[in-house]
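J.: One structure is given below, represented as structure tokens, and several questions about it will come after.
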Amino acid sequence: MVDNRSSRRGFLQGTVALTALLAGGCSSSKEQPKTAFEDSVATFFQDNYQVMTKDEIKEVLARVERRVKREYGVDIKCENTPPVADVAFGYALNLSKCKGTRRCVEACVSENNCGRNHSLENIRVLAMPHGTMDLNKSDHYYDHEQVPNSNDWYLPIQCHQCDEPACVQACPVEATWKEKDGIVVIDYDWCIGCRYCSVACPYWARHFNWSKPNLQPDEINPKTHYLGNRPREAGVMEKCTFCIQKTRKGELPACQEACPTGARVFGNLLDPQSEIRYILENKNVFRLKEEQGTQPNFWYFYDV
Amino acid sequence: MSKEKNSTKNHNKVEFILASLIHCFKGGWLYWGWMLSLIAIVVYGAMAYGQQARYGLSVTGLSDQITWGLYIGNFTFFVGVAAAAVILVIPAYLLHRNQMRRVTILGESLAVAAVIVAMLFVTADLGQPLRFWHALPLLGKLNFPTSILAWDIVVLALYLLVNLIILWYLLYNKFCHKSPVVKRYFPVIVVAIILGLSIHTVTAFMLSGNPSRPFWHTAILAPRFIASAFAAGAALMIILFQILHITSKFRLSKGLIREIALIMVFAQFFSLFLLGAEIYTAFYHNTAHDVSAHLLFTSNIGHDNLTLSIYLAIAAGLSAFSILMVRRFRENVSLLNIASILIFFAVWSEKGLGLVIPGFVPTPLGEMAQYTPSTIEIKVAIAIWAVGAIIFTLLAKVAIAIEFGGLRLKRPVENTDTEI
Amino acid sequence: MFYSIISAALLLLLPVSPIWAGEKEASFKLTGPVTTLACKMCHTWRKPVLKQRDLKAPHNKIKLNHGAGQLWCFSCHKENNYANLQGDKSAVVDFKNPQKLCRTCHFRQVKSWRGGAHGKRTGSWQGERTSWRCTACHNPHSPQIAPFKPSPPPRRPGTVVNIDKSESKNGG
């Protein structure tokens, strides 16, 4: 394994050096600012995030910042904050409280640098007619003057950060995996865009960048995470990461902050004092599509 | 001594490759007309692909709701063709049918062309095709054996490799005035047959291994794939052999065509039987599990084109089967041709489109979406078909020239060692 | 009439002071604006009407819609102690800790809220918990949350949207 890795790295570095040489032979001085071409060549030969060394990651983060500066003229900070020890994130959603305002969707899009006008939204709020749990009867596109509409109840769905994620199993190149704190992440620079993960996901939580995300410079959130909300390219998957750039620093996810009715509860499943643990222990909770066997970390409950 | 021998061998190999390449440029106006029109189609499609490369897959009709369409549908279909091309020669060896053995080489050529087409369709479907190296062993990080797609990559690559080895062995030996030794290449053919079954089984598993897509989540999918692949592969071969019979030195015997037709009858019977079993399960009860099938067959959400094509496919499959069942009809060349064409298109629309797309409707969140391939998508798909036709034409041209024509090494070879 | 004008004028001068207090209740911190009115400015020299009636100036800004007409100002405020809250059956309660009064009726909600299943936490998911107090979200005089205008729906696949000048769409 070690041999494989080092041989691979050797090969890659050799190729990078060779390409750079062919590209103009001017890569000898490290002081010169990197050109867009040099950066894209380096990104092409970049290794999978899971096997990169600290130095390589540092370089990669700088490259992401340079790319965004070049493409949007915005200075962003791209970090790779590691998981907090002894933390497993979980989410609970109070269906009695959700009124279908879609404020979570709005906040998610602007926090996570999702392309505007692409309908690329990592949360879907379903309007469900009273008296049924059949998702086929749901309305994704409700646009009433006022919510709650008297005929509906609302079911917001996003990534459930499963313990046995079908998407991770499906990915042919290990571009997606589950982190120690339970967040399922994607290495956007490694994803080949085959969309098999989105075929496998029972929650329709994975979305594809069909074209380059439409982002205006003033819409960019400059606080980014490599595995989270850094601006994506065309042709790669993306998903909800429980706002990894916020939550790994102790903040709450944008959807929880935006919810005007307090339907959303986020917390550490390993902390017995946390609110999410109170809910799991004191409320009648259920998980959507539990029969799919993916062990989701997202619970729904009602006020009793 | 051995050095000299090696250099002669290498020289022979170079001459084999050169002679084959030169032969590709020899042909009448029909050949050149055919090739040039295919090349024109490929160039036209490549321009369409250029658009896709520039603007992303947004130029296709695909969406997050229906994320695979024409490309993956064709991929599934061609994996079947590739598998059938080789599996069809099983009877040649099991039943000692020598007629079938003679067409092994054409089956291999078809398999190679079909696998390459299948691979091109997957590549066309990728959002980041340049990152294909992430799936290469050692260099990339192939998620094997967990991901079924990784399995598919592995078995398809192996299948291509094994078929190329067989083609090389058979043609190169013939070229060097030696007759191929069955004992030597038979084990490789067995490997190819196993891999042929594997590629189509794995492709079926790729779809059926998704509990979140109940339309595909059925154990019957893999057998159904194999059965329909046999039928479509046999149909394609019947047509191709007749064309080659007219246009080349390849000679088709009546016995051979009857044998393939017989295989087609059995395959088509199983294919229809399995489809019937599916339809029964889907319609006897009205469960949420079968919504996709209901939508497909009843066209409740404006899936009209798909519904029409699935009914046409079933009608075509049934009428072809009724033709083939009667021996007198089966042995009539024109009726057999009609049946073959019917089966080919029935399988293409039933498996290629009628299986992949309905699996996405409703989405796991119950959304009823629709899909119509965009012009760019159709152009790219046609171009990939053309690439397949070019590859098969070239391979078959060389293979027939060596096998049935007189394309041989100029100098006689002294040593009779068949080793390569 | 005269009194009304005087008291309305006085009311404008009153220190309406939202205090963002972080006083500790039980095991966690509370946050949210606490609005107190200096009732004594008038009600030292003008006796309040204890009987239920339609609210007139200077109280006409209060839309009382709590308890389906069963509740009245003096269900929660007491004549002798305007600086605090007090229900008919509750102890004297600080404005910063309204839950101690709310729970006389809404004991289920307050219990859920204490546990973390009602209301919401703010700031951070880790460390000491800070949650909004009842009155941060519910207007005590009209506690029902008003309906919302929903944010726009997602785009249906196949709807073409022009993105800059590039020919581009999502879905078809």
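The values are calculated or read from the model by the stated rules, or taken from the named source; none is laboratory data. As the structure is a computational prediction, the values presented were derived from the model and not from experiment. Reconstructed Cβ throughout: ideal geometry from the backbone, glycine too, with neighbour counts over all protein chains shown.
J.: Just checking, does segment A:196-204 include any residue being assigned to a strand (DSSP E or B), surrounded by fewer than 24 Cβ atoms within 10 Å (Cβ to Cβ) and under 15 Å from the mean Cα position of the chain (by Cα)?
T.: Within segment A:196-204 (the criterion being assigned to a strand (DSSP E or B), surrounded by fewer than 24 Cβ atoms within 10 Å (Cβ to Cβ) and under 15 Å from the mean Cα position of the chain (by Cα)), the answer is no, since none of the residues qualifies.
J.: Then there is this: If I ask for residues that are hydrophobic (A, V, I, L, M, F, W, C) and either at positive phi or at the interface with another protein chain (Cβ under 7 Å from one of its Cβ atoms) (or both), which ones from segment A:196-225 would you list? If you could, list the steps in order and put the result at the bottom.
T.: Taking segment A:196-225 as the starting set, the residues that turn out to be hydrophobic (A, V, I, L, M, F, W, C) are A:197, A:199-201, A:204-205, A:208, A:210, A:215, A:220.
Residues satisfying the conditions are A:V199, A:A200, A:C201, A:W204, A:F208, A:W210.
J.: Among the residues in segment B:349-370, are any buried (at least 18 other Cβ atoms within 10 Å of the Cβ), closer than 30 Å to B:D290 by Cβ and of a type in the set (K, R)?
T.: yes
J.: Among the residues that make up segment A:85-102, is at least one of them within 11 Å of chain C (Cβ to nearest Cβ), of a type in the set (D, E, K, R), within 30 Å of A:E233 (Cα to Cα) and not in a loop (DSSP other than H, G, I, E, B)?
T.: No, because not a single residue in segment A:85-102 is within 11 Å of chain C (Cβ to nearest Cβ), of a type in the set (D, E, K, R), within 30 Å of A:E233 (Cα to Cα) and not in a loop (DSSP other than H, G, I, E, B).
J.: Taking the condition of being in contact (Cβ under 8 Å) with a residue 60 or more places away in the chain and part of a loop (DSSP other than H, G, I, E, B), how many residues in segment A:121-172 meet it?
T.: Residues in segment A:121-172 being in contact (Cβ under 8 Å) with a residue 60 or more places away in the chain and part of a loop (DSSP other than H, G, I, E, B): 11 in total.
J.: Quick check: anything in segment A:265-276 within 8 Å of chain C (Cβ to nearest Cβ), at pLDDT 95 or above, within 30 Å of A:N48 (Cα to Cα) and out of contact with any Cys (no Cβ under 9 Å at 6 or more places or on another chain)?
T.: Checked against the condition, which is being within 8 Å of chain C (Cβ to nearest Cβ), at pLDDT 95 or above, within 30 Å of A:N48 (Cα to Cα) and out of contact with any Cys (no Cβ under 9 Å at 6 or more places or on another chain), segment A:265-276 yields at least one hit.
J.: Next question, about the same structure. Among (1) modelled with pLDDT under 95; (2) within 11 Å of chain B (Cβ to nearest Cβ), which single condition is A:R116 missing?
T.: (2)
J.: Taking the options C:R133, C:R121, name whichever one is touching a residue at least 60 places away in the same chain (Cβ under 8 Å) and surrounded by 19 or more Cβ atoms within 10 Å (Cβ to Cβ).
T.: Working: C:R121 fails: touching a residue at least 60 places away in the same chain (Cβ under 8 Å).
Testing whether each residue is touching a residue at least 60 places away in the same chain (Cβ under 8 Å) and surrounded by 19 or more Cβ atoms within 10 Å (Cβ to Cβ) leaves just C:R133.
J.: Quick one: how many residues across segment C:143-157 are at pLDDT below 90 and more than 7 Å from every other protein chain (Cβ to nearest Cβ)? Lay out the reasoning, then the answer.
T.: Filtering segment C:143-157 for residues at pLDDT below 90 gives C:155-157.
Narrowing further to those that are more than 7 Å from every other protein chain (Cβ to nearest Cβ): none.
Here the count works out to 0.
J.: Can you go through A:N209, A:N229, A:N221 and tell me which one is surrounded by fewer than 23 Cβ atoms within 10 Å (Cβ to Cβ) and of a type outside the set (V, I, T)?
T.: Details: A:N209 fails: surrounded by fewer than 23 Cβ atoms within 10 Å (Cβ to Cβ); A:N229 fails: surrounded by fewer than 23 Cβ atoms within 10 Å (Cβ to Cβ).
The match here is A:N221.
J.: Oh, and also: Can you tell me which of A:G193, A:G228, A:G250 is within 14 Å of chain B (Cβ to nearest Cβ) and either closer than 26 Å to A:T101 by Cα or not basic (K, R) (or both)?
T.: A:G193
The rows are residues; the columns are (1) of a type in the set (K, R); (2) within 14 Å of chain A (Cβ to nearest Cβ); (3) within 30 Å of B:A282 (Cα to Cα).
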{"site": "B:R327", "(1), (2), (3)": "yes, no, no"}
{"site": "B:N332", "(1), (2), (3)": "no, no, no"}
{"site": "B:I338", "(1), (2), (3)": "no, no, no"}
{"site": "B:V347", "(1), (2), (3)": "no, no, yes"}
{"site": "B:K351", "(1), (2), (3)": "yes, no, yes"}
{"site": "B:V356", "(1), (2), (3)": "no, yes, yes"}
{"site": "B:E367", "(1), (2), (3)": "no, yes, yes"}
{"site": "B:S374", "(1), (2), (3)": "no, yes, no"}
{"site": "B:I382", "(1), (2), (3)": "no, no, no"}
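J.: For B:F205, which of the numbered conditions (1) within 12 Å of chain A (Cβ to nearest Cβ); (2) part of a helix (DSSP H, G or I); (3) in contact with a Gly (Cβ under 7 Å, 6 or more places away or on another chain) fails to hold?
T.: The one condition B:F205 does not meet is (3).
J.: Right, next: Do we have A:L215 as within 12 Å of the chain's Cα centre (by Cα), among the aliphatic types (A, V, I, L, M) and part of a loop (DSSP other than H, G, I, E, B) here? Reasoning before the result, please.
T.: Working: within 12 Å of the chain's Cα centre (by Cα): no; among the aliphatic types (A, V, I, L, M): yes; part of a loop (DSSP other than H, G, I, E, B): yes.
So A:L215 fails the test.
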